Amino acid sequence: MKKREPVKRIDNIVFFPGLEKRLTDKGLENLEKKKFKEAITYLEEAREYDPDNDEILIGLVLAYFEASSFLKAKELAKEMLHKGIGDYLQMVDLYLTVLIQLHEYQEIVSTVEALLEEKEIPPDKYDHFITILQFSRRMAENRQLELVEIEPEETPPLQDLNLFANGNLNEQLLLVSSLAEKNIRPYLAEIADYLEAEAGHPFLKTILLTLLKEQEIDSELSIKKFGMEKKIIPTQLPEVREAPRMKEVKALVESRLESNNPGLFENTRGMVERNFFMSYPFELEPQSTHAWAAAFHHLAQDYLGMNTRIDLLSSEYGASVTEIEEAMGKIEQIEKISYPNI
């Protein structure tokens with residue numbers, strides 16, 4: 001006869017066997033479905049029963065983060081690091097991601113410098129952490145300068161961003177990122193010129209649009225990307241990661257690849273997110289969501305050196321070969337554009 005799992009008691013409250021596992025599964029399921037508040041409810045309850053379970057705690061940090069509860073995410077990630085719960089480097093990366101959202105650049109600098117001193121960083125991750133360190137040092141210095149009190153008569157005139165002056169994409173990104181700490185409105189005219197210029201980098205244009213949206217800019221602006229132009233009002237744009245067509249394409253790819261080939265799925269999903277980020281807020285031709293999903297699937301296979309046939313994907317996704325090839329051409333065009341290293 002199978003031995004029964006003992007009933008748990010905490011503070012004279014009876015917990016039935018396996019309850020924490022069911023709560024954890026429910027929490028992670030809601031997290032995957034992007035129902036972050038529900039995920040937090042289940043995972044917080046599961047944590048009460050199993051307070052040091054890394055699966056529960058990592059899920060909870062992610063749920064807090066996605067729900068924009070950044071302070072809670074920070075405190076929990078920090079607690080996990082101190083207790084040694086979860087993979088150390090993965091937790092450091094997660095902790096730094098939360099700190100970036102909170103603009104706590106000095107804390108990022110201290111954390112990464114401690115890693116370097118303790119020689120905890122493996123060679124393949126060294127450049128990654130050095131880039132984060134350099135970026136955070138610069139942002140921390142900028143914040144210190146802004147906190148220095150200057151007499152009104154000594155206040156220097158507002159400087160231009162000069163987005164076109166520096167051709168280095170990483171330097172441009174650092175410059176644009178600094179706007180997250182400032183009132184963006186004095187720079188609106190220059191930003192509008194950059195968004196409308198063919199020479200403006202599509203990656204930076206997306207970053208600028210997200211900043212304009214965050215700061216609730218409701219002026220009508222013109223934006224050009226990939227030979228297309230449209231009028232937009234930042235406050236009326238969808239969030240980048242919530243763009244309807246991108247969500248539909250990811251869902252189609254996920255339904256076919258996540259269980260059968262997780263590695264191919266991750267590569268395909270990454271390509272989807274990159275391309276939609278670059279093309280935001282435009283919806284490129286063809287209109288068929290199924291054609292785009294098949295195109296991403298095909299190219300991800302091709303990049304990984306896997307045998308692939310468009311005619312088979314055409315049948316699987318219910319899209320014409322012509323539309324798939326059209327979508328592939330747009331994806332390859334975008335993939336050739338350089339991305340910043342940060």
Output ³J(HN,Hα) for the stretch 275-286: one whole-Hz value per residue in order, computed from phi by the Karplus curve 6.51 cos²θ - 1.76 cosθ + 1.60 with θ = phi - 60°, and x for Gly and Pro. 5, 6, 5, 5, 8, 3, x, 7, 10, 6, 6, x
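Would you calculate, for the chain, the mean residue ellipticity at 222 nm contributed by helices, counting each DSSP H stretch of 4 or more residues as -39,500 (n - 2.57) and dividing by all residues, to the nearest 500?
On the way: 15 runs with 209 residues, N = 342.
My calculation for the chain gives -19500 deg cm²/dmol from helical runs alone.
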If all Cα-Cα distances of the stretch 198-342 are sorted into 5 Å bins from 0 onward, what percent lands in each bin, rounded to whole numbers? 2, 10, 19, 22, 19, 13, 9, 5, 2, 0
On the accessible surface of the chain, probed at 1.4 Å, how many percent belong to carbon and sulfur atoms? 49
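Would you please give the FRET efficiency between Asp93 and Asp25, computed as 1/(1 + (r/R0)^6) with r the Cβ-Cβ distance and R0 = 30 Å, to the nearest 0.05?
On the way: r = 25 Å, r/R0 = 0.84.
Efficiency, from the Cβ-Cβ distance: 0.75.
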Any idea of Ser110's accessible area? Nearest 10 Å², probe 1.4 Å. 60
Work out from phi, with θ = phi - 60° and the Karplus expression 6.51 cos²θ - 1.76 cosθ + 1.60, the ³J(HN,Hα) of each residue of the stretch 72-78, listed in order in whole Hz, and give x for Gly and Pro. 5, 4, 5, 5, 5, 4, 5
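Test of understanding: express the Cα radius of gyration of the chain as a ratio to 2.2 N^0.38 Å, with N the residue count. Display every interim value, and only then the final one.
Numbers: Rg = 23.5 Å, N = 342, 2.2 N^0.38 = 20.2 Å.
Dividing the Cα Rg of the chain by 2.2 N^0.38 Å gives 1.16.
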Under a 1.4 Å probe, what is the accessible area of the stretch 277-342 per residue, stated in Å²? 48
I'd like the distance separating the alpha-carbon centroids of the stretch 213-243 and the stretch 51-82, in whole Å. 32
Would you kindly state how much longer the chain becomes between Thr41 and Glu118 on full extension, computed as 0.36 nm times their sequence separation minus their alpha carbon distance, in nm to one decimal? 24.0 nm
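A 30 angstrom limit on the alpha carbon distance is what I want to check against. Which of Lys182/Lys225; Lys37/Lys330; Lys26/Lys119; Lys35/Lys78; Lys21/Lys78; Lys213/Lys330 exceed it?
Details: Lys182/Lys225 26 Å; Lys37/Lys330 37 Å; Lys26/Lys119 39 Å; Lys35/Lys78 24 Å; Lys21/Lys78 24 Å; Lys213/Lys330 26 Å.
Cα-Cα > 30 Å for Lys37/Lys330; Lys26/Lys119; rest within.
Calculate, for Lys34 and Ala189, the FRET efficiency according to 1/(1 + (r/R0)^6) with r their C-beta to C-beta distance and R0 56 Å; round to the nearest 0.05.
For Lys34 and Ala189, the calculated efficiency is 0.95.
The values are calculated or read from the model by the stated rules, or taken from the named source; none is laboratory data. Please read these numbers as outputs of a predicted model, since none were measured by experiment. Cβ coordinates were reconstructed from backbone atoms using ideal geometry, including for glycine residues, and neighbour counts include every protein chain displayed. Surface areas here come from the heavy atoms of the whole protein model, side chains and all, with no ligands, DNA or RNA. Shrake-Rupley method; radii C 1.70, N 1.55, O 1.52, S 1.80 Å.
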